[in-house]
Amino acid sequence: MTNLTKVYLKSGEVYVNSASVIVWTVLGSCVAVALHSPRKGLTAISHAQLPSPSHKKDACSHSCPKPCFQQHEDIVSEMRFLSCSTKYMLDELHKMGIENSELKAYIFGGSSMFQVEKDYFSVGKRNVDMALTMLKNFGIPVVEKDVLGNQSRTINFNTYSAEFTIELGD
């Protein structure tokens, strides 16, 4: 990619910063959502483990600390949920003067790491469904996605250009 600093994004973390870096993460059933502003040349990216705290397709405001983005000791654990991390990223981007209408979304992960009989039991599928639903509700187009399947992925995402690479696991 480039000679930018690499930042490792652990499960349950969110990266929102104006610095140009390569954010890298490893995904199985977890989902990474990247929200990129071409105008500002910056990206917010999350690595979420589960759809939402309540197992319902509700918005963050119904299940996360109110407001979800408020800094407190439980904020890190709440970022493991797509509903919370997506809302948090949007709130942070809004503070930077970025509106939903200028964002482009990228979704990665959501593999079925264990064989299940029904889609409902697939955490990966539920994660992808939650990400797609939330982005649609916020009016943010998904411009790229590499989701589902049964392999892990290593993602390298350039926060300035939105260029990325994907390496599939065994």
Scanning region 25-59 for residues that are in contact with a strand residue (DSSP E or B) (Cβ under 6 Å, 6 or more places away or on another chain) and in a loop (DSSP other than H, G, I, E, B), the one modelled with the highest pLDDT turns out to be Cys30
The one condition Ser85 fails out of (1) within 16 Å of Ala131 (Cα to Cα); (2) assigned to a loop (DSSP other than H, G, I, E, B); (3) at pLDDT 90 or above is (2)
When region 133-151 is checked residue by residue, the ones that are at pLDDT 95 or above and either of a type in the set (Gly, Ala, Ser) or assigned to a strand (DSSP E or B) (or both) are Gly139, Val142, Val143, Glu144, Lys145, Asp146, Val147
Taking region 124-155 and keeping residues crowded, with 16+ Cβ neighbours inside 10 Å and in contact with a Phe, Trp or Tyr (Cβ under 9 Å, 6 or more places away or on another chain) leaves Arg126, Met130, Lys145, Asp146, Val147, Arg153, Ile155
**Message:** Against the condition under 13 Å from the mean Cα position of the chain (by Cα) and under 19 Å from Tyr8 (Cβ atoms), how does Phe164 come out, does it pass?
**Reply:** no
Those residues of region 10-53 which are crowded, with 18+ Cβ neighbours inside 10 Å, among the small types (Gly, Ala, Ser) and farther than 22 Å from Ser101 by Cα amount to Gly12, Gly28, Ser29, Ala48, Ser52
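The values are calculated or read from the model by the stated rules, or taken from the named source; none is laboratory data. Note that the structure is predicted; figures quoted are calculated from it, not measured. Positions of Cβ are backbone-derived with ideal geometry, glycine not excepted, and every protein chain shown enters the neighbour counts.
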